[in-house]
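Only one structure is covered here, and it is reproduced in the block below.
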Amino acid sequence: MSKKPRIAVVVVAAGRGERASASGDTRPKQYRPLAGQPVVSRTIAAFLALPEVDVVLPVIHPEHAATFFGLGNTDPRILDPVMGRATRQGSVLAGLEALAAEAPDFVLIQDAARPLASPDLIRGVIAALETHHGALPVVPVTDTIKRSHDGMLVAGTEDRHTLFAAQTPQGFRFAAILAAHHKAVHEPRDFTDDAAIAEWAGLPVALTKGSTRNLKITHPEDFARAERLLRGDMDMETRVGTGFDVHPFEPGDAVWLGGVRIPHTARLKGHSDADVALHALTDALYGALGLGDIGVHFPPSDPQWRGAASEIFLADAVGKVTARGGRIVNLDLTIVCESPRIGPHVPAMKQAIGNICGIAAHRVGVKATTSEKLGFTGRSEGIVAMASASIEVPQED
């Protein structure tokens, strides 16, 4: 294609996830925490971390709507979820039909229970769609595979060199897979994935490189394995970033600080909502990853960010940590101002920041001080915020 293709992602999260239920935790697997962040949030974040992705559409179970909206996903690229149907195939079709108005060129279909898809894996699928109608990430089968007709006696041995384990995201040219799904509605056979529907419809599907790390959480023990991948069974390194931001006051009646609206005799001036605290935290996370500052990712010259909620910026930085297979260890924030009084709002700030970052509030430090009437903060002309972030990410050369 001569122009950049418009890319949409369908995240299939409409199952009940009962096989992964653990003792004392009956939540569907896609909403259970994985290293401090719900599985489905990690899955969505892996795609939002890629600038190639234009929109993400979650497909959820009708009974889980309140739970999903409670996750606090605020990225503007996340479309309102659609309700799933009785089968996975029906749920995917519901998502594809809802995407028709977006007119994407390519669509990636991802199981919500695969939260560890890497940027390279996803980009491999996208690249294959330039020359193929479909693309499927796979890993070679390494075990010897036996065939049995009754589950008791061996009837034969498969040639494992021709066998591959399929993963998601599975990518397709949008119009072709939507037509194939519509056609498959009247087919009695049970299609186990979208590539099977494409094959049945005569669409060529290319194999791309999958990863053993791209596991699907199915059973309770899979959570432990995924936690090990994120935290222990790889060489991890700790990184620290710092952030600093300043905003002056202008006429108004409230300020946004740490994701909390605080009544005041003025507001903070800025292109977005000017939440100086969230801006500093965002820069700290970008800094820990070596990705520049907030202005690189959200230029103030871009009109789409005028008046935007700053939690969008912080969520983007969090998504980039997640996409690297990392986690946030802790965040620390210092706010310098003469007024408004910050102390009464600290618990709410800690909770708001924790919700945006997918971490517990006790991993967020919020402190406030004055400049003893010195300088522009001492003259109540604005607010300063300083932040630090500690993260763990897989070690790189």
Margin query: What pairs come out if I take residues in the stretch 366-392 that are in the same structural domain as ALA352 (by TED's automatic domain parsing) and pair them with residues that are among the aliphatic types (A, V, I, L, M) and in a loop (DSSP other than H, G, I, E, B) whose C-beta lies under 7 Å away, six or more apart or interchain?
Written below: ALA368/ILE342
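For every residue, the table says whether it meets (1) more than 22 Å from ARG42 (Cα to Cα); (2) touching a strand residue (DSSP E or B) at 6+ places or on another chain (Cβ under 9 Å).
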site	(1), (2)
GLN110	no, yes
GLY124	no, yes
HIS149	yes, no
PHE174	yes, yes
GLU187	yes, no
PHE191	yes, no
GLY202	yes, no
Check: Just a yes or no: is a residue in the stretch 83-93 over 21 Å from ILE197 (Cβ atoms) and at pLDDT below 95?
Finding: no
Next item on the list: Would you please list the contacts, defined by Cβ atoms under 6 Å and residues six or more apart or on different chains, that run from a residue in the stretch 252-277 that is without any contact (Cβ under 8 Å) to a residue 60 or more places away in the chain to a residue that is hydroxyl-bearing (Ser, Thr, Tyr) and not in a strand (DSSP E or B)?
Entry: SER272/SER310; ASP273/SER310; ASP275/SER310
Check: Is it fair to say VAL59 is part of a loop (DSSP other than H, G, I, E, B), within 20 Å of PHE172 (Cα to Cα) and either touching a residue at least 24 places away in the same chain (Cβ under 8 Å) or not assigned by TED's automatic domain parsing to the domain that holds ALA103 (or both)?
Finding: no
Next item on the list: Can you tell me which residue among VAL185, VAL138, VAL125 is surrounded by fewer than 10 Cβ atoms within 10 Å (Cβ to Cβ) and either assigned by TED's automatic domain parsing to the domain that holds LEU99 or in contact (Cβ under 8 Å) with a residue 40 or more places away in the chain (or both)?
Entry: VAL185
Item checked: Candidates ILE328, ILE335, filtered to the one that is touching a Lys or Arg at 6+ places or on another chain (Cβ under 8 Å) and over 22 Å from ARG261 (Cα atoms) -> ILE328
Item checked: Residues (within 25 Å of ALA201 (Cα to Cα) and in a loop (DSSP other than H, G, I, E, B)) located in the stretch 139-191 -> LEU163, GLN167, THR168, PRO169, VAL185, HIS186, GLU187, PRO188, ARG189, ASP190, PHE191
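The values are calculated or read from the model by the stated rules, or taken from the named source; none is laboratory data. Just so it is clear, the model here is predicted, and its values are computed rather than measured. Note that each Cβ is placed from the backbone with ideal geometry, even for glycine, and that neighbours are counted across all protein chains shown.
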